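Okay, so here's the structure we're looking at.
All of the numbers you see were taken from the coordinates with simple rules; none came from a lab. All of these numbers come straight from a predicted model, not from anything done at the bench. When we count neighbours, we look across all protein chains shown, and the Cβ atoms used for this are built from the backbone with ideal geometry, even at glycine.
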Amino acid sequence: MVQYRLCIFGALISQKLKRTQMQPMRLNRLFTYALLFSLPLWLANCGGSGNGTDVTPTVEGSWKLSALRLDPGITVAPIGRVTDLFTAFTLATNSPCLTDLTFTFKNDGTMTTNNPQTCQDHTTTIKNQTGINITGTTKWSQTGDQLTLTAADGTKVTAKSTLTGTGMTWAYSGSFTDPTGVTSQQTVTFDFKRP
């Protein structure tokens, strides 16, 4: 974009100066001065919001689950190795439940979900297969990049939290039991986006 502007700017100056029949040496010097003067102005307007304030992303507010991954994954018959738990759960239950869930982090340190109608028949399955308790209230706190969730029964999970303006990712390691009863160590990653 800047190169395009410079080309147009250079062409306009060149045509204007040819009409005034300036000497070639002065034309080059004038163009150089114009370029040196205007370049900082163009660069000063590049990037940023222009108002001088940066907004720090926050956990507070509403979020939709957009992905749920396991690494290295679990074996589920007859599918095989599953790493995308979000898609596997949606296909297994034939329900958009996980897509319909909204997680709300309130400034009083509590987190709730909307427990939509599409999830009503799957609350136990969701808790057992994803670790998400969609009923009741969970407490949350954040220190640095560590997000701690505490369920009503006192169970705590601490996850590394990464925030952007429109997205949030949690990642933690823990034991996960597959449908055959085999327990393995997994890294569980949740991706969220603003609704």
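Of note:
- Exposure proxy for Arg69, Arg81, Arg194: other Cβ atoms within 10 Å of each Cβ, ordered fewest to most, give Arg81, Arg194, Arg69.
- Calculation over all alpha carbon pairs of the range 61-193 in 5 angstrom steps from 0 returns a P(r) of 2, 10, 19, 25, 22, 15, 5, 2, 0 percent.
- Volume of the Cα convex hull of the range 145-189, divided per residue and given in Å³: 98
- The amide H of Gly73, built 1.01 Å from its N in the peptide plane, has Thr187 as neighbours under 5 Å, considering only residues 5 or more places off or on other chains.
- For the range 61-193, lysine pairs separated by 8 or more sequence positions, or belonging to different chains, with Cα-Cα distances below 16 Å total 5.
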